[in-house]
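Read through the structure below, which is laid out as structure tokens, and then see the notes.
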Protein chains: 2
Amino acid sequence: MGKPAAHPYTEKKHKRRLVFSGTVNFRADTVTLPNGKRSTREFVDHPGAVAVLPVLPDGRIIFVRQFRYPVGVATLEIPAGKLNSAADKPLARVKAELKEETGYTAASIKPLLSYWPTPAFSTEVLHVFTATGLRGGKPEPDEDEFLTLETIPFEKAWRMVLTGRIRDSKTVIALQAWKIKLLEKK
Amino acid sequence: MGKPAAHPYTEKKHKRRLVFSGTVNFRADTVTLPNGKRSTREFVDHPGAVAVLPVLPDGRIIFVRQFRYPVGVATLEIPAGKLNSAADKPLARVKAELKEETGYTAASIKPLLSYWPTPAFSTEVLHVFTATGLRGGKPEPDEDEFLTLETIPFEKAWRMVLTGRIRDSKTVIALQAWKIKLLEKK
């Protein structure tokens with residue numbers, strides 16, 4: 001994680017407090033600030049997640065559209081899924097999610113980058129991969145997981161980023177990274 | 001927001017439930033799934049936020065380092081702040097945050113893109129801007145806000161993205177967008 005040396009502004013845990021336990025956990029810990037005062041840090045305690053940019057041989061990208069209740073929209077995103085625990089291996093999980101959500105298996109899966117979607121109020125680390133050498137099959141979504149696949153040429157997807165029709169962080173980050181690769185090849 | 005027509009997989013709110021109220025609110029709503037079953041959607045009810053990539057005339061970028069308790073690290077991020085309410089104007093807020101956190105005012109502030117950091121479990125929309133024509137002054141951080149400024153040449157910051165030393169989503173997205181602008185100018 002490239003963790004630096006202890007920072008002078010480090011906040012120390014005073015008291016852990018779990019305020020809600022569900023698919024994700026919500027915590028509101030009491031912390032000691034650098035000036036000795038107490039404050040509360042409210043955040044989602046998240047096991048981490050994986051996502052994958054599946055690139056077909058002709059350059060099209062495979063997306064998943066699904067309803068996201070918090071934002072009230074059926075969003076276009078790259079396939080992704082939560083890790084089951086801290087012990088869950090990202091590479092194994094990403095292969096499983098790709099297969100479940102799209103039906104595809106990949107000859108090559110490579111790490112692109114890992115990032116924190118919201119380090120101010122979530123512990124989540126999201127590991128993004130690229131998948132190439134794709135071979136199609138039958139999707140096996142979880143029960144009660146409603147999604148549709150959309151296969152879109154890269155340049156069209158890129159315009160959707162620029163015009164705000166793709167707004168999900170992992171999808172924006174993966175498409176930006178792919179755009180940079182294409183520009184650097186020129 | 002480029003909101004599409006109602007999707008066949010739309011989930012409908014059955015019952016709103018606030019499980020924790022603080023700096024951000026945690027909700028666990030009961031929803032009706034497309035197949036008529038009930039499920040729970042747990043998420044952070046967030047007013048939205050702004051962030052800004054401040055680019056100095058010589059191409060260096062101004063960052064803020066601050067301790068982020070959920071990830072346990074003093075992260076390097078671009079200046080940012082939460083909207084106070086849904087009525088708070090992003091452009092006014094971003095000018096205020098830039099001034100408070102860095103002391104700088106900008107001759108030009110332009111929208112770069114808006115995105116959802118985590119649409120699966122937060123309502124947050126984050127509006128990212130670029131600031132140029134910067135003029136320095138004295139930072140005015142909030143009381144109990146501990147941060148240090150770091151001014152870094154773009155290419156060095158870019159290597160920090162590639163090596164995982166910059167991992168915050170708004171910072172990664174803004175630097176990738178700037179990298180793309182630089183590559184397209186070549």
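Which whole-number percent gives the relative contact order of chain A, counting Cα pairs below 8 Å spaced six or more residues apart?
Worked out over chain A, it gives 21 percent.
Using the Kirkwood formula on the Cα atoms of segment B:44-100, what hydrodynamic radius do you get, in angstrom to one decimal?
12.7 Å
Quick one: among B:Lys37, B:Lys138, B:Lys170, which has the greatest mean-square fluctuation in a GNM of chain B with alpha-carbon springs under 10 angstrom?
Its mean-square fluctuation being the largest, the pick is B:Lys37.
Just want the answer: with Cβ charges of +1 for Lys and Arg and -1 for Asp and Glu, which residue in A:Gln176, A:Pro153, A:Pro90 is farthest toward the dipole's positive end in chain A?
Most positive-ward Cα: A:Gln176.
Please report, ordered by residue number, every helix of chain A (full DSSP H runs) that is 18 Å or longer along its axis going by C-alpha atoms and whose mean Kyte-Doolittle hydropathy reaches -1.0.
A:169-185
Measuring label to label, 7 Å along Cα→Cβ, what does A:Pro47 give against each other copy in nm, shortest first?
A:Pro47 label point versus its equivalents elsewhere: 3.4 nm.
Using a 10 Å cut-off around each Cβ of peptide A:15-28, what is the average number of partner chain Cβ atoms that fall inside?
Rounded to a whole number, the mean comes out at 4.
Run through every distinct alpha carbon pair of segment A:49-185 and return the Kirkwood hydrodynamic radius in angstroms, one decimal place.
For segment A:49-185, inverting the mean 1/r across all distinct Cα pairs yields 15.2 Å.
Could you identify which residue out of B:Arg167, B:Arg60, B:Arg159 has the top mean-square fluctuation in a GNM of chain B using Cα springs shorter than 10 Å?
Top of the fluctuation ranking is B:Arg159.
Going down the list A:Lys12/A:Lys95; A:Lys156/B:Lys82; A:Lys15/B:Lys110; A:Lys13/A:Lys89; A:Lys12/B:Lys179; A:Lys89/B:Lys170, which pairs span over 30 Å between their C-alpha atoms?
From A:Lys12/A:Lys95; A:Lys156/B:Lys82; A:Lys15/B:Lys110; A:Lys13/A:Lys89; A:Lys12/B:Lys179; A:Lys89/B:Lys170, over 30 Å: A:Lys12/A:Lys95; A:Lys156/B:Lys82; A:Lys15/B:Lys110; A:Lys12/B:Lys179.
What total accessible surface area, summed over both chains, is buried at the interface between chains A and B, computed with a 1.4 Å probe and given in Å² to the nearest 100?
Roughly 6500 Å².
Would you please give the residues with an amide H less than 5 Å from that of B:Asp168, counting only those at least 5 places away or on a separate chain, with H modeled from the backbone geometry?
Distant-sequence amide H within range of B:Asp168: A:Trp116.
Could you work out which residue, out of B:Ala106, B:Ala28, B:Ala87, moves most in a Gaussian network model of chain B, that is, has the largest mean-square fluctuation with Cα springs under 10 Å?
With Cα springs under 10 Å in chain B, the top fluctuation among B:Ala106, B:Ala28, B:Ala87 is at B:Ala87.
Per residue of chain B, what 222 nm ellipticity follows from adding -39500 (n - 2.57) for every DSSP H run with n ≥ 4, rounded to the nearest 500?
Value at 222 nm, helices only, nearest 500: -6500 deg cm²/dmol.
The values are calculated or read from the model by the stated rules, or taken from the named source; none is laboratory data. Just so we're clear, the structure is a prediction, and the values are computed from it rather than from any experiment. Here the Cβ is made from the backbone with ideal geometry for all residues, glycine too, and neighbour counts use every protein chain on show. When the accessible area is computed, the model is the full protein with side chains, heavy atoms only, and any ligands, DNA or RNA have been set aside. Shrake-Rupley method; radii C 1.70, N 1.55, O 1.52, S 1.80 Å.
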